[in-house]
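Asker: Please see the structure below; I have some questions.
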Amino acid sequence: MMNYDSLLNKTALDIPPSGIRRFFDIAAEMDDVISLSVGEPDFPTPWHVRDVAIDSLQKGRTGYSPNKGFTALCREICNYYSRRFGLDYDFRTNAVVTVGGSEAIDLAIRTLVNPGDEVLVPQPSFVCYAPIARLAGAKAIPIVTRREDEFRLTAQALSRSITKRTKLLILPYPNNPTGAVMRREHLEKIADVLRDTNIMVLADEIYSELTYNNIPHVSIASLDGMKERTVVVNGFSKSYAMTGWRLGYALGPEPVISIMTKVHQYAIMCAPTTSQHAAMEALRAGDDDIVKMRDEYDMRRRLIVRGFRELGLDCFEPEGAFYVFPSILSTGMSSEEFCEKLLREKHVAVVPGNAFGECGEGFIRVSYAYSTAHINEALRRIGQFLKEENIINETRND
Ligand code: PLP
């Protein structure tokens, strides 16, 4: 008999599975479920992008690409970052195309940290940073971001967390799950702390195209002295509704990108060729698609924030991404209890806030990348649920 527990990598064995999928998986077994649990655009990829991919297949372009991605795609990515965020990167040395933003995060962390290093992870935030840091032998140090600070990372909280072992700061804005955005003035304060250190930044900018209230996304790499200490991660999943194509990229200083490319070469070889053809079209001709989808998300964002506030739940107004993060403290239930009960009793799936770090306890993450009909029905059921739990007196009528 094999003793797998003694055989398996201890860290891999130890890290918990993602709390996002758990409720999604229970929901998949139930009938009549309204799920607001997944962070995935409900739009299909725009047709002109799909057409280019189909055309590339018809022409038989089905082989490997260069390790770091097609040169033409690297060039488009760098043009795009220059055009949109005022950052100039050299497509020959500063870019690598990856399997989703996910692989870019993995590569950046594995390339930058040594065993024993500390990686600062502002939370609540996306689930992958701390597990990947731990798998690389580093220690993930959470930094709590608070509702009172609109879930932004503050310079004070950052300064308090820095030690001699700090190697990397994750900067996850626009934020999943809170929807918080760091504006230029907030980033300046973070940059002031970092400029005198040897700490690198991993800026996860996957939601950079999804900001609202006319707030432009600002990349920390565009601030004075920050480009040389930042690896930017982005991708096509969220901006262009291309989750299944699995395509992303990293931009950064040549010495870092070249080692990331080496790791990528051994682990992945190259990102999917068909997806790379599609991505070139998205970057060249996808601006209007982004605007259309963003306007639609914005409309849903207003609807859902108003809905939760009408139900009496404190709901921070998100300025980016496509999630709301209402507080359920007033219900007296834990986040897990709330989500489990809501799913069993009303067949509505949302994600407990503590899936994004312990400090997410007392909140739930609700994705509004769903139709308004879907959102309205979920709000109606949540209203009924709160009423039956004697938390509010009135149900919502629409
Ligand atoms: N970063 C954040 C903050 C995310 O929310 C996600 C996906 O939900 C990713 C990265 C990974 O996206 P992908 O690998 O599809 O590019």
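Asker: To the nearest 0.05, what FRET efficiency results for residue 40 and residue 9 with a Förster distance of 35 Å applied to their C-beta separation?
Answerer: Approximately 0.75, to the nearest 0.05.
Asker: For the chain, what size does the Cα cloud have along each of its three principal axes, sorted from largest down, in whole Å?
Answerer: Between the extreme Cα coordinates on each principal axis of the chain lie 62, 60, 53 Å.
Asker: Using only Cα atoms, tell me the angle between helix 372-388 and the longest principal axis of the chain; keep it within 0 to 90° and round to the nearest 10.
Answerer: 50 degrees
Asker: In addition: Would you list, by chain and number, the aspartates and glutamates whose Cα falls below 19 Å from the Cα of residue 167, excluding same-chain residues fewer than 8 positions away?
Answerer: Result set, ordered by chain and number: 106, 117, 118, 192, 196, 204, 228, 254.
Asker: Can you check how the C-alpha radius of gyration of the stretch 182-299 compares to 2.2 N^0.38 Å, as a plain ratio?
Answerer: Rounded to two decimals, the normalised Rg is 1.19.
Asker: Here's something else I'd like to know. What fraction of the DSSP beta bridges in the chain is antiparallel, stated in percent and rounded to the nearest 5?
Answerer: Of all bridge pairs located within the chain, approximately 40 percent are antiparallel.
Asker: I've got another one for you. To one decimal place, what Kirkwood hydrodynamic radius in Å is obtained for the stretch 143-218 from all pairs of distinct Cα atoms? Don't skip to the answer; put the middle values down first.
Answerer: Numbers: mean 1/r = 0.0768 Å⁻¹.
After inverting the pairwise mean of 1/r, the radius is 13.0 Å.
Asker: Based on the Kirkwood radius over alpha-carbon pairs, what is the Stokes-Einstein translational diffusion coefficient of the stretch 31-109 at 4 °C with 1.567 mPa s viscosity, in µm²/s?
Answerer: Details: Rh = 15.7 Å.
The diffusion coefficient I find is 83 µm²/s.
Asker: In the structure shown, do any of 346/387; 68/227; 189/238; 139/262; 68/292; 238/346 have a Cα-Cα gap over 22 Å, and if so which?
Answerer: 189/238; 139/262; 68/292; 238/346
Asker: What are the residues whose amide H is under 5 Å from the amide H of residue 365, where those residues sit 5 or more places off or on another chain and H is modelled from the backbone?
Answerer: Amide H to amide H, under 5 Å and 5 or more residues apart or across chains, residue 365 pairs with 351, 353.
Asker: Pick out, from 318, 115, 49, the residue whose Cα sits farthest towards the positive end of the charge dipole of the chain, with +1 on the Cβ of Lys and Arg and -1 on the Cβ of Asp and Glu.
Answerer: Comparing the listed Cα positions along the dipole, 115 ranks first.
Asker: Nearest 10 degrees is fine. How inclined is helix 19-28 to the longest principal axis of the chain, computing both from alpha carbons?
Answerer: Tilt relative to the chain: about 60 degrees.
Asker: Could you tell me the largest-minus-smallest coordinate of the C-alpha atoms of the stretch 242-398 on each of the three principal axes, in descending order and whole angstroms?
Answerer: 59, 35, 26
Asker: Counting only other residues whose beta carbon sits under 9 Å from that of residue 237, what net charge do I get with K and R as +1, D and E as -1?
Answerer: +1
Asker: Convert each backbone phi in the stretch 350-359 into a coupling constant with the Karplus relation 6.51 cos²θ - 1.76 cosθ + 1.60 (shift: θ = phi - 60°), then list the ³J(HN,Hα) values in order as whole Hz, x for Gly and Pro.
Answerer: 10, 10, x, x, 6, 5, 10, x, 4, 5
Asker: What full-extension length gain, to one decimal in nm, is calculated for residue 262 and residue 314 as 0.36 nm per residue of separation minus the Cα-Cα distance?
Answerer: 14.0 nm
Asker: Just the number, please: Stokes-Einstein D of the stretch 95-249 in µm²/s, Kirkwood Rh from C-alpha pairs, 4 °C, 1.567 mPa s.
Answerer: Estimated diffusion coefficient is 83 µm²/s.
Asker: Within a Cβ distance under 13 Å of residue 105, other residues only, what is the Lys/Arg minus Asp/Glu net charge? Could the numbers behind the result be given before it?
Answerer: On the way: positive: 110; negative: 103, 106, 204, 205.
Value of the local net charge: -3.
Asker: Around residue 50, under 14 Å between beta carbons, what's the net of Lys plus Arg minus Asp minus Glu among the other residues?
Answerer: -4
Asker: Something else about it: Return the calculated 222 nm mean residue ellipticity for the chain, to the nearest 500 deg cm²/dmol, obtained by summing -39500 (n - 2.57) across DSSP H runs with n ≥ 4 and dividing by the residue count.
Answerer: After summing the helix terms and dividing by the residues of the chain, the value is -12500 deg cm²/dmol.
Asker: Any chance you could give the angle, 0 to 90 degrees and rounded to 10, that helix 287-310 forms with the longest Cα principal axis of the chain?
Answerer: Orientation of helix 287-310: about 30 degrees from the principal axis.
The numbers here are math on the coordinates, done by the rules we state, and not lab data. The structure presented is a predicted model; accordingly, all values stated were derived computationally and were not measured. Reconstructed Cβ throughout: ideal geometry from the backbone, glycine too, with neighbour counts over all protein chains shown.
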